[in-house]
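Colleague: My questions all concern the structure below.
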Amino acid sequence: MKICVLPGDGIGPEIMAEAVRVLQALELRCELSEALLGGCAVDATGDPYPQETQRLAQQADAVLLGAVGGPQWDGLPRGQRPERGLLAIRQDLGLFANLRPAILYPELANASTLKSEVVAGLDILIVRELTGDIYFGQPRGIETRDIDGRQERFAFNTMHYSESEIRRILRVAFEAAGRRNGKLCSVDKMNVLETTQLWRDVANETAADYPDVELSHMLVDNAAMQLVRNPRQFDVIVTGNMFGDILSDEAAMLTGSIGMLPSASLDANGKGLYEPCHGSAPDIAGRGLANPLATILSAAMMLRYTFALEDAALRIENAVKKVLAQGCRTADIHEPGMQELTTRAMGDAVLAAL
Ligand code: NAD
């Protein structure tokens, strides 16, 4: 099992150190290679996704990423920004399926801004298409045009999806739903957009191959409302790149604890990039305050989705549940009466639970 480890910037190295310790404790015979991505790579090479990183990421079976970015790189030209490294590696590895669980552990129910009776025990998975849609569609641009005899700035983007792009993300979602509670909700805007009319048609066609999964459809505006009204009605949600971007952040915030949420981005062969949903948190970097659980849980997703090691993934997830039940908390999820731990001490607690 070849794993390329990219700690990145800000809190990235701190949280990654704990995830690596957890992986090592499982004694899985994996080969880890570390490389630079993001701001640290810009500083060392001038390129946010250097060739050496590209080589290691391509050779690996999976990539485990911390986070990238920080204010010190904000002034750089677009092509050299740390976030460009993130887009480049996703594109380079052909990662088209983004899986984001939103789980609210019962012990953290108070962290949500919603009433705990609405969200406690929430466990949903959002599957977002990652390489198509309006974010990548051509033509695009900002230019000056003649509008009703006046010269004005004019901006445009193009939304498009091919049938095969839609079908492959739907298959990932149907399979994920099949491994969970067998309910898949496909989110679109078919009343307005042809692109998503095709999305709905393909979803209905694909459903025939997955008789054990119950498919439903929802318009995106309603889905945004239902996520805050009654989020536990969902099991797996599948949607396009732009709607998925927005809904997955909304779902993440339902849990109130961004430091707890892992994610996976997969290619067509199960190779994946695994990373926490949060960013590099420059405001707390280097102070031992960061919550490493999202990165540790990302490592668990890697064992499940790329290496098919369900038992090892569950061991990590159960260890995390156990430390939460024991009252271990980093500062971001701390409540009165609980034990406040540093990043390292939280890693120690997970190792002890393992
Ligand atoms: P952020 O997620 O880094 O931080 C938002 C807030 O959440 C901050 O208060 C931070 O301290 C807190 N937080 C985040 N992760 C935490 C953790 N593990 N433990 C405890 N608290 C945590 O988002 P931001 O502040 O908008 O962005 C900071 C930088 O990260 C920017 O440069 C941005 O571009 C970058 N970013 C990177 C990624 C990524 O690498 N995938 C994603 C989002 C943002």
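Colleague: Which residue is nearest to Gly12 (Cα to Cα), if the candidates are limited to the range 40-68 and must be touching a residue at least 60 places away in the same chain (Cβ under 8 Å) and not aliphatic (A, V, I, L, M)?
Modeller: Gly66
Colleague: Still on this model: Which of the residues spanning the range 238-258 are closer than 15 Å to Asn110 by Cα, in contact with a helix residue (DSSP H, G or I) (Cβ under 9 Å, 6 or more places away or on another chain) and part of a helix (DSSP H, G or I)?
Modeller: Ala252, Leu254, Thr255, Ile258
Colleague: Let me ask you something else. Output yes when any residue across the range 244-253 is touching a Gly at 6+ places or on another chain (Cβ under 8 Å), of a type outside the set (Lys, Arg) and over 22 Å from Glu165 (Cα atoms), and no when none is.
Modeller: Pass one, the range 244-253, residues touching a Gly at 6+ places or on another chain (Cβ under 8 Å): none.
Within the range 244-253, none of the residues are touching a Gly at 6+ places or on another chain (Cβ under 8 Å), of a type outside the set (Lys, Arg) and over 22 Å from Glu165 (Cα atoms).
Colleague: Could you say whether any residue in the range 308-315 is touching a residue at least 24 places away in the same chain (Cβ under 8 Å) and within 16 Å of the ligand (Cβ to nearest atom)?
Modeller: no
Colleague: Counting only residues that are touching a helix residue (DSSP H, G or I) at 6+ places or on another chain (Cβ under 8 Å) and surrounded by 21 or more Cβ atoms within 10 Å (Cβ to Cβ), which one in the range 175-188 is farthest from Asp245 (Cα to Cα)? It would help to see each step written out before you state the result.
Modeller: To start, the set of residues in the range 175-188 that are touching a helix residue (DSSP H, G or I) at 6+ places or on another chain (Cβ under 8 Å) comprises 183-188.
Cutting the leftovers down to surrounded by 21 or more Cβ atoms within 10 Å (Cβ to Cβ) gives us 184-188.
On the way: Leu184: 18, Cys185: 16, Ser186: 14, Val187: 12, Asp188: 13 Å.
Ranking the qualifying residues of the range 175-188, first place goes to Leu184.
Colleague: While we're here: Pick from the range 27-61 the residues that are of a type in the set (A, V, I, L, M, F, W, C) and at pLDDT below 95: which of them is nearest to Asp267 (Cα to Cα)?
Modeller: Among those residues, the one meeting the criterion is Cys30.
Colleague: Restricting attention to the range 83-129, and to residues there that are among the polar types (S, T, N, Q) and more than 16 Å from the chain's Cα centre (by Cα), which single residue is surrounded by the most Cβ atoms within 10 Å (Cβ to Cβ)?
Modeller: Ser112
Colleague: Between a first residue in the range 319-337 that is in the same structural domain as Leu351 (by TED's automatic domain parsing) and farther than 15 Å from Ala109 by Cβ and a second residue that is in a helix (DSSP H, G or I) and away from the ligand (no atom under 16 Å from the Cβ), which pairs have beta carbons less than 6 Å apart while being 6 or more apart in sequence or on different chains?
Modeller: Going by the 6 Å Cβ cut-off, the qualifying pairs are Ala319/Ala353; Lys322/Ala353; Val323/Ala353.
Colleague: Okay, next question. Cβ-Cβ under 8 Å, sequence separation 6+ or interchain: first residue in the range 275-301 and basic (Lys, Arg), partner modelled with pLDDT of 95 or more and more than 6 Å from the ligand (Cβ to nearest atom). Which pairs?
Modeller: none
Colleague: Out of Ala97, Ala109, Ala67, Ala88, report the one residue that is modelled with pLDDT under 95 and within 30 Å of Pro231 (Cα to Cα).
Modeller: Ala109
Colleague: Then there is this: Does Val20 satisfy the criteria of being assigned to a helix (DSSP H, G or I) and either within 23 Å of Arg344 (Cβ to Cβ) or among the aromatic types (Phe, Trp, Tyr) (or both)? Walk me through how you get there before you give the answer.
Modeller: Working: assigned to a helix (DSSP H, G or I): yes; either within 23 Å of Arg344 (Cβ to Cβ) or among the aromatic types (Phe, Trp, Tyr) (or both): yes.
Yes, satisfied.
Colleague: Inspect all residues belonging to the range 234-243 and state whether any of them is surrounded by 21 or more Cβ atoms within 10 Å (Cβ to Cβ), within 28 Å of Met302 (Cβ to Cβ) and within 16 Å of the ligand (Cβ to nearest atom). Before you say what the answer is, go through the steps one by one.
Modeller: Taking the range 234-243 as the starting set, the residues that turn out to be surrounded by 21 or more Cβ atoms within 10 Å (Cβ to Cβ) are 234, 236-241, 243.
Next, only the ones that are within 28 Å of Met302 (Cβ to Cβ) stay: 234, 236-241, 243.
Checking which are within 16 Å of the ligand (Cβ to nearest atom) leaves us with 241.
Yes - at least one qualifying residue is present in the range 234-243.
Colleague: Only one of Glu52, Glu83, Glu129 is more than 16 Å from the ligand (Cβ to nearest atom) and either under 21 Å from Ser298 (Cβ atoms) or assigned by TED's automatic domain parsing to the domain that holds Cys185 (or both). Can you tell me which?
Modeller: The match here is Glu129.
Colleague: Filtering the range 255-276 down to residues that are within 16 Å of the ligand (Cβ to nearest atom) and surrounded by fewer than 22 Cβ atoms within 10 Å (Cβ to Cβ), which residue is farthest from Arg128 (Cα to Cα)?
Modeller: Within the range 255-276, the match that is farthest from Arg128 (Cα to Cα) is Gly256.
Colleague: Another question, if that's okay. Residues Leu36, Leu28: which one is assigned by TED's automatic domain parsing to the domain that holds Leu87, of a type in the set (A, V, I, L, M, F, W, C), part of a loop (DSSP other than H, G, I, E, B) and surrounded by fewer than 18 Cβ atoms within 10 Å (Cβ to Cβ)?
Modeller: Leu28
Colleague: Restricting attention to the range 67-80, which residues are near the ligand (Cβ under 10 Å from one of its atoms) and assigned to a loop (DSSP other than H, G, I, E, B)?
Modeller: Val68, Gly69, Gly70, Asp74
Colleague: Checking the structure you have, find out if any residue of the range 13-20 is more than 15 Å from Ile296 (Cβ to Cβ) and within 16 Å of the ligand (Cβ to nearest atom).
Modeller: Looking through the range 13-20, none of the residues is more than 15 Å from Ile296 (Cβ to Cβ) and within 16 Å of the ligand (Cβ to nearest atom).
The values are calculated or read from the model by the stated rules, or taken from the named source; none is laboratory data. The model shown is predicted, which means the values in this text are computed figures rather than measured ones. Heads up, the Cβs are rebuilt from the backbone with ideal geometry, glycines too, and the neighbour counts pull from every protein chain shown.
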